[in-house]
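What follows is a short report on a single structure.
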Amino acid sequence: MKPEEIVEILRNAREAYYNHGNSPLSDADFDRLESELKSAEPRHPYFSAIGSETDAEEEKTSHIYPMLSANKVKNTVQLEDWMRRLSLPDGTSFILEPKIDGISASLLYREGKLHHIATRGDGNRGKNITYIRQYLDFLPPEIPTGEISGFRDVEIRGELFLPRNFQQEEESFSGNEDTTNLRSLRNMAAGLIGRKDNRSGVSAVRFLAYQIQPVGVLSSESRKLEFLKNTGFPVIPYTTVNSFSGMEQYFNKYMDSLREEWEFETDGLIVSVDDNSLFEEINSRWVVDHHNHYAVAIKPPPSSRVSTLQQILWQVSRLGNVIPVAVFAPVVIGGATIRRATLNNLANVKALKLAMNDRLKIERANDVIPYVAENLSHTEDNPGKNYDPDLIPSRCPSCESVLEEKETHLFCSNPECPEKIIQKILFWVQKSQMDNIAEATIRSLYDSKNVRSIRDLYRLSREDLLALEGFQEKKADNFIRQIQKSRKMDFQDFIASLGIPGVQRKSLQKLGILSPPDFLSFQDDSYVIGKNIMEWKSIPANAELFAELVDIMEFPQNVSTTEKPGVVFTGEGPMPRKELEKKAREMGFEPSGSVTKKTAVVVTSDPQSSSSKMKKAREWGIPVKTYPEFFSG
C-alpha cells in the first residue's frame, strides 16, 4: 500500500478507538502498519499526532496540558534497556501503575472548582463530557488549593471504565464484520458515555485518577496520588521501586495474580520515573512526538488456556462474507468464561488445519478479546495433518445459496440472503444510535415481513408494531420515536452508516464528499477508500437505497464547511503541522491529509518532489505553491 493509504487506515483506527471505543484493527495489525509506514516515511506528519481528532459535530475542549502517551515495551528485557537509556543514578525511584483498558479523561479544576471533563481526543482537544458529572457522584466538585496554590488551572487525569462484574461472561458473537471483536468492557463504557439520550447507564462507569498536571504542581507522581486520595478521589493502585529487580518482581506479581484480582481490565503496566523534576531533562534527549520518554507501558503476553474444538459455526455478515466461529469447551481467562472465538475467515481455518476435537490454545488479545492462537493438535501431535473439509460448508447457512471462495473468505453472493439483509439493518440501527432497538426486535420484524430493508424501518406505523407479539403501546411508541429521531443526521455520518468498507466521516472529509451531489459525482479511485465508494455505488440496489434514504433523511446545512477551499501540506514546513493548519484555517482554507480533485492548492517545501501528493497535483492540474508563496498571500 501507498503511505497515504496506510495513514488513512491508521487514522480511521485511531478515530474509532479514541472516539467510539472500538478499533477495526488488532494491536498487532496496528503496530505492523505503523512499522511499515515508519520504514517508508519515517518523518511522516502522522507520527506527530497523538490520539484522534474528535468528531466534528461534538463539542470540543482544549487540554491546557497535552495528553501525551507512553512508549511501549514488550518484555522485561526491553524494560531494562529503557531504564539503562535513562542513565539515572542508582536508587532513583520509579512508580508502577496498572494500564487500565478504559477511556482516558481529564478533569479541569479552575481555582479549585470543577470546570469541565473531557476525553483524550487527539491529545490536544477532546470531547466535552462534563454531562457525566451528574451520574458520577464520587467526583469531587471542588479540591483544596492549599498544596497547589499558585496554579489557577489544574487537570486531574484518570481512566473511566466499567468494573469486571458488569459483564460476567463473554460469549456472544455477531456475524457483522464490524463487531467480530466482541463487546469489551471498554467498548461498552465508550458506548454508555457517548450516548446522546438515556444516559442513566453512565452511573455504572467508574473513575480512577492517576495524574495531576502541570508536572510541577507537586514534586513526585506518588505524592500527587497521595494528594488525590486525601482529596477524595478514587486513585489507581500503585507501587514504587528503586531498582530493575523491583520492577521485575512487581511485573511478575501482576502477571501471576494482580491482573485478575483488580476490578478493572488492564493491558499492562505503566512504569514512570517518580521524581517529576527530571521529566523535562529526560524528554529533551529525544524528539517528543506523541510519547513522553520518562515513562513506558509494558505489555503482557496474552493470557491463554487450552480447550477442545466442539464445532465451527458459520455466520453471515452484512457484506456477504461467511465468518467461522470456533465453539470449544468453556475456559476461564482473566475472570471471563470463554466458549467461542472468531476464526476470522476461511483461510485461517485452513491455516490452523482444524478438525473436530483438536486441542486449541485460546488467548485474549490485550486481556480482552478471545481468539484461537494455535492448534496444538497440529503443531504437537501430528505436524502432517490437514484441515477437515467436512467443517467447511458448501451452502450459505442462511439462504442455502452455493458459497464461493473470494480471497480469504467464503462468500454468499445472494443479494436476498436473509442474514445479509438483517445484518445491514442492524448495522444501520447501531450507527444511527437507535440505542433501545434490540437485535431480536429487528429479527422479529424481518420474520413478520414488515421490514426487509433499511428504508422499510421508516415506513412502519404504530399499528404495524402493535399487531406483533411482544409489542405494547409503550414499546411501539418508543420504537417509532427512535426511528423518527434517526432521520436527522449529519451527511457524513449518514454515508458512514451505509457500511461501505473502510468509510468513516474523516475519510469523507478528506475526499471532499460533503453533500449528496458530492457523493453521486465522486469518481476518484486513487485510494482504497475511494475505490470502495465507487464499487458500492455501482451496485443498482445500493444506488436505489441511497436515493430513497436521501429523500427520507434531514441533513443539516453546513455552508461554512462546504465553501472552504482545501489545502494539503507536504514536505518540511516552517513550523509544526498543527500551527500550519491553524494558520490555513485563519486564511479561510480547510487543511486535509490527502490530495483529491477538489483540492484547491498543494503547499510544498520542494516543488520538484516526486511524492505521491505532488504527482497527483501535477496529474490533476492542482496549483502548487511553496510555503513562503502560500503564506505571503
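Over what distance in Å are the Cα centres of region 84-143 and region 455-492 separated?
Spelled out, the Cα-based centre of one part sits 40 Å from the other.
Sum -39500 (n - 2.57) across every DSSP H segment of at least 4 residues in the chain, then divide by the residue count to get the 222 nm mean residue ellipticity, nearest 500.
Details: 22 runs with 202 residues, N = 633.
Calculated from helices alone, the mean residue ellipticity at 222 nm is -9000 deg cm²/dmol.
What is the distance, in nm, between label points placed 7 Å from the Cα along the Cα-to-Cβ direction at Lys531 and at Glu586?
In this crude label model, Lys531 to Glu586 measures out at 4.1 nm.
So for Ile421, Ile6, fewest C-beta neighbours within 10 Å to most, what's the order?
Least to most surrounded, the residues fall as Ile6, Ile421.
Run through every distinct alpha carbon pair of region 222-311 and return the Kirkwood hydrodynamic radius in angstroms, one decimal place.
16.0
Using the structure shown, select from Lys38/Lys510; Lys506/Lys597; Lys99/Lys224; Lys253/Lys361; Lys299/Lys613; Lys38/Lys299 the pairs with a Cα to Cα distance greater than 26 angstrom.
Violating the 26 Å limit, Cα to Cα: Lys299/Lys613.
I'd like the projected area of the chain, averaged over all directions, using the convex hull of its alpha carbons. Report it in nm² with one decimal.
31.0
Take every Cα-Cα pair in region 97-172 and report what % of them are more than 15 Å apart.
63
Counting other Cβ atoms within 10 Å, which chymotrypsin sites (Phe, Trp or Tyr not before Pro) in region 208-293 have at most 14 and lie in a DSSP loop?
Trp286
Could you give me the ³J(HN,Hα) list for region 608-621, computed from phi with Karplus coefficients 6.51, -1.76, 1.60 and θ = phi - 60°, whole Hz, x at Gly and Pro?
So the J values, rounded to whole Hz, are 8, 4, 9, 5, 4, 5, 5, 4, 5, 4, 5, 4, 9, x.
Can you sort Leu208, Leu466, Leu192 from fewest to most other Cβ atoms within 10 Å of each residue's own Cβ?
Fewest-to-most ranking of Leu208, Leu466, Leu192: Leu466, Leu208, Leu192.
For the residue pair Ile552 and His116, what label-to-label distance in nm results when each label sits 7 Å from Cα along the Cα-to-beta-carbon direction?
Each label point is offset 7 Å from its Cα along the Cβ direction, giving 3.6 nm.
At a 10 angstrom cut-off on C-beta neighbours, averaged per residue, how do the peptides 83-92, 483-492, 132-141 rank from highest to lowest?
483-492, 132-141, 83-92
In vacuum, with every alpha carbon of region 422-512 counted as one equal point scatterer, what does the Debye formula give for log10 I(q)/I(0) at q = 0.10, 0.22 Å⁻¹? Two decimals, please.
Computed log10 I(q)/I(0) values: -0.28, -1.08.
Take Met587, Met67 and order them by how many other Cβ atoms sit within 10 Å, fewest up front.
Least to most surrounded, the residues fall as Met587, Met67.
Can you compute the FRET efficiency between Ser632 and Ser394 using 1/(1 + (r/R0)^6), with r the Cβ-Cβ distance and R0 = 51 Å? Round to the nearest 0.05.
On the way: r = 67 Å, r/R0 = 1.32.
Given R0 = 51 Å and the Cβ-Cβ separation, E is 0.15.
Roughly speaking, what is the stretch gain from Ser609 to Ala467, that is 0.36 nm per residue apart minus the C-alpha to C-alpha distance, in nm to one decimal?
Contour length minus Cα-Cα distance gives 44.4 nm.
Rounded to the nearest 0.05, what FRET efficiency do Glu416 and Ala329 have when you use their Cβ-Cβ distance and R0 = 35 Å?
The calculated FRET efficiency here is 0.40.
In nm, give the distance between the simple-model label positions of Glu404 and Lys253, each being 7 Å from the Cα along the Cα-to-Cβ direction.
5.9
Extent of region 491-559 along each principal axis, from alpha carbon coordinates, in Å, largest to smallest?
The principal-axis extents, from largest down, are 30, 28, 19 Å.
Based on the Cα gyration tensor of region 303-411, what are the three equivalent ellipsoid semi-axes, each the root of five times an eigenvalue, rounded to whole Å and given largest first?
Sorted largest first and rounded, they come to 24, 17, 11 Å.
Give the whole-number value, in cubic angstrom per residue, of the convex hull volume spanned by the C-alpha atoms of region 564-631.
Cα convex hull per residue, to the nearest whole number: 73 Å³.
Any read-out appearing in this document is the output of simple, stated calculations on the displayed coordinates, not a laboratory observation. Because the structure is predicted, anything quoted here is derived from the model rather than measured. Every residue, glycine among them, receives a Cβ derived from its backbone with ideal geometry; neighbour counts consider all protein chains shown.
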